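One structure is given below, encoded as structure tokens.
The values are calculated or read from the model by the stated rules, or taken from the named source; none is laboratory data. Keep in mind that what you see is a predicted model, and the values were worked out from it rather than measured. Because the Cβ atoms are built from the backbone with ideal geometry, glycine has one as well, and the counts that use them run over all protein chains shown. Remember, those area values only see protein heavy atoms, side chains included, never the ligands or the DNA or RNA. Shrake-Rupley method; radii C 1.70, N 1.55, O 1.52, S 1.80 Å.
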Amino acid sequence: MNRFVAWFHRWGSPKHFYDMSGRWAPWMAALFFLTFIPGLYYSLIGSPPDYQQGESARIMYIHVPAAWMSMFIYGVMALAGAITLIWKMKMADIVAQVSAPIGASFTFLALVTGSLWGKPMWGAYWVWDARLTSELILLFLFLGYIALTTSIDDKRTAARAGAVLALVGVVNLPIIHYSVEWWSTLHQPSTVKVMGKSAIHLSMLIPLLLMSFAFKFYYAWVVLSSARAEVLDRDKNAKWAADVAQAQAGEMPS
Amino acid sequence: MNVTPNEPELGRAFLTLLRRDLLLAFRRPAEIANPLLFFIIVVTLFPLGIGPEPNTLQTIAPGVIWVAALLASMLSLDGMFRTDFDDGALEQILLSPHPLSVLVLAKVIAHWMVSGLPLILLSPLLGMFMNLTSQSIVALVLTLLLGTPVLSLIGSIGTALTVGLRKGGVLLSLLVLPLYIPVLIFAASAVEVAGVGFPIAAQLSFLGALLALALTLAPLATAASLRISVS
């Protein structure tokens, strides 16, 4: 337990974070490519088309992992927000702030792929289906978080305000989700049956899992890299940052 | 300050703050009246835009009246902490030895009494404008009674987060409106269902649950946000 606490605390140090993220980011990138390329192959070529939906079903291999990521990233932001508020850990708020635009992009991606899939399947780009609607609201929550944190000038205040907002959002998300579900069953009973996940065949499950792992690694890679840049920017007056700058200048041929 | 804070002290602080906020609000009646006027005008615009057909109006009325109520309550939110922040009273409240969340609750209740309560009193009139049946109007009043406190409570979090910003108004709506969605869904559906003659106990229970949840959690989040905004 003590070793874990010590390990956890070390992540609070900007220099340690900078070093570790520099070491981990390339591995995440490598894992991303290792899963993404076969994932792309299996989802576009190596898997059979759906017997009912035909080739359009392939959009699922992007859509479903993106939708999972959108929720996962909001969860990460809330968790980082809790860490920010409880332990005042600087790195946690950097991770939360850097995650927000990525999460918003995944949410947007899920919405766009969903509506592209909806056109041939449901005959309309947009249907007020419960999942689509709550995904749209999730996008609003992400954008609200970004709007709040960017409009507060002081970075630490912005981080703490964002942390409260993310926690409030995470308490509200299930409520919003279930109320929207309730609302859509009330207004338009059984328009759509999204295919059951347990019924998915192995040949489709493999690319789906590969892609969802690829997205996770991509997120880890991007979040580490941009958090690294953000750490350096915030600590630019610290000695360790000057050392880093000097070391890099030494590497470059002058 | 030299005596340790105890129960009656807290109660007195709560009531003092409540009375003070109400007094301040009634000294500036225009600020109470403007959101109400906005509420009425927005609802009036819909028949003008859509046409005066009674059936159409009856169909859209629950949603329209509730959306207008959301917007009206949001308009009044900004004033909840703004003046206190500007003149420094908020800092004094933060410095008090009493739990901030309880004092915040007093301010939220005062806000609801001057913004939510008049809205509820006006709503039957708007219901008649929109051709609602009498059962629907009863449901409308009941849902507003349960729903508007939730709006004030959730709104107080957003207001506390944006009080330090100069242009908090639009930002506030971005933060708060998505969180209002569950209230809107259950309330509008209750009014709609009541018009057809079905029981609305389920919707009212949900609204009650939302109110209980907001009442217990929102003051804590608002207090934390205020400390962040003022620091």
query: Where does helix B:54-77 land angle-wise versus the long Cα axis of chain B, in degrees 0 to 90, nearest 10?
result: 10
task: Select from region A:109-154 all residues whose loss of accessible area on going from the chain by itself to the full protein assembly reaches 10 Å² or more (probe 1.4 Å).
output: A:I137, A:F140, A:L141, A:G144, A:A147, A:L148, A:S151, A:I152
- request: Indicate the residues belonging to region B:162-209 that lose 40 Å² or more of solvent-accessible heavy-atom surface (probe 1.4 Å) upon moving from the chain alone to the assembly of all protein chains, ignoring ligands and nucleic acids.
  value: B:L165, B:L171, B:L175, B:P178, B:L179, B:I181, B:P182, B:I185, B:F186
query: Of the residues A:V168, A:V95, A:V180, which exhibits the maximal mean-square fluctuation in a Gaussian network model of chain A defined by a 10 Å Cα contact cut-off?
result: A:V168
message: I need to check one value: relative contact order of chain A, counting alpha carbon pairs closer than 8 Å and at least 6 residues apart, in percent.
response: 35
Total formal charge among the other residues, if their Cβ is under 15 angstrom from that of B:L151, Lys/Arg +1 and Asp/Glu -1: 0
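For chain B, count the residues as N, evaluate 2.2 N^0.38 Å, and divide the Cα radius of gyration by that value, please.
Working: Rg = 18.6 Å, N = 231, 2.2 N^0.38 = 17.4 Å.
Normalised Cα radius of gyration, chain B: 1.07.
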For peptides B:51-64, A:138-151, sequence by mean Cβ density within 10 Å, most packed first: A:138-151, B:51-64
query: ³J(HN,Hα) across region B:205-211 via Karplus (A = 6.51, B = -1.76, C = 1.60, θ = phi - 60°), whole Hz, x for Gly/Pro?
result: 5, 4, 4, x, 5, 4, 5
field: Per-residue HN-Hα couplings for region B:176-181 [Karplus 6.51, -1.76, 1.60; θ = phi - 60°; Hz; x = Gly/Pro]
entry: 8, 4, x, 6, 7, 4
statement: If the chain between B:K167 and B:S96 were fully extended at 0.36 nm per residue, the gain over the current Cα-Cα distance would be 22.8 nm
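Probe of 1.4 angstrom, ligands and nucleic acids ignored: what's the accessible area per residue over region A:71-200, in square angstrom? Mind dumping the intermediate values first?
Values: 6020 Å² over 130 residues.
For region A:71-200, the per-residue accessible area is 46 Å².
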- line: Each residue of A:175-183 has, on average, a number of other protein chain C-beta atoms within 10 Å of its C-beta equal to 5
- request: Using label points projected 7 Å from each Cα along Cα→Cβ, tell me how many nm separate A:A6 and B:E53, to one decimal.
  value: 7.6
query: Cross-link partners among lysines for B:K107, C-alpha distance below 30 Å, same-chain residues fewer than 8 apart left out?
result: A:K88, A:K155, B:K167
task: Tally up the carbon and sulfur contribution to the accessible surface of region A:71-200 as a whole percent, 1.4 Å probe, everything protein left in place.
output: 66
Distance histogram for the protein assembly as shown (every C-alpha pair counted, 20 angstrom bins, percent rounded to whole numbers): 20, 47, 28, 4, 0
message: Relative contact order for region B:7-230: what percent, with Cα pairs under 8 Å and sequence separation of 6 or more?
response: 26
message: Taking a ≥ b ≥ c as the square roots of the Cα gyration tensor eigenvalues, with a/c under 1.5 meaning rounded and otherwise prolate when a/b beats b/c, else oblate, which class fits region B:82-134?
response: prolate
- prompt: Given a 1.4 Å probe and no ligands, DNA or RNA in the count, how much accessible surface is buried by A and B, both sides, to the nearest 100 Å²?
  reply: 2100
message: Output the 0 to 90 degree angle, nearest 10, between the alpha-carbon long axis of helix A:202-234 and the longest principal axis computed from the alpha carbons of chain A.
response: 30
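Could you rank B:R82, B:R166 by how accessible they are, 1.4 Å probe, largest area first? Walk me through the intermediate numbers first.
On the way: B:R82 45, B:R166 225 Å².
In descending accessible area the options line up as B:R166, B:R82.
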- line: Here the gain from full extension of A:A245 to A:S13, 0.36 nm per residue of separation minus their alpha-carbon distance, amounts to 81.7 nm
- prompt: Sorted by accessible area with a 1.4 angstrom probe, largest first, how do B:V170, A:V170, B:V43 fall?
  reply: B:V170, A:V170, B:V43
- prompt: Could you give the length gained on full extension between A:S115 and A:F33, defined as 0.36 nm per residue of separation minus the Cα-Cα distance, in nm?
  reply: 26.8 nm
Between helix A:130-151 and chain A: long-axis angle, C-alpha atoms, 0 to 90°, nearest 10: 20
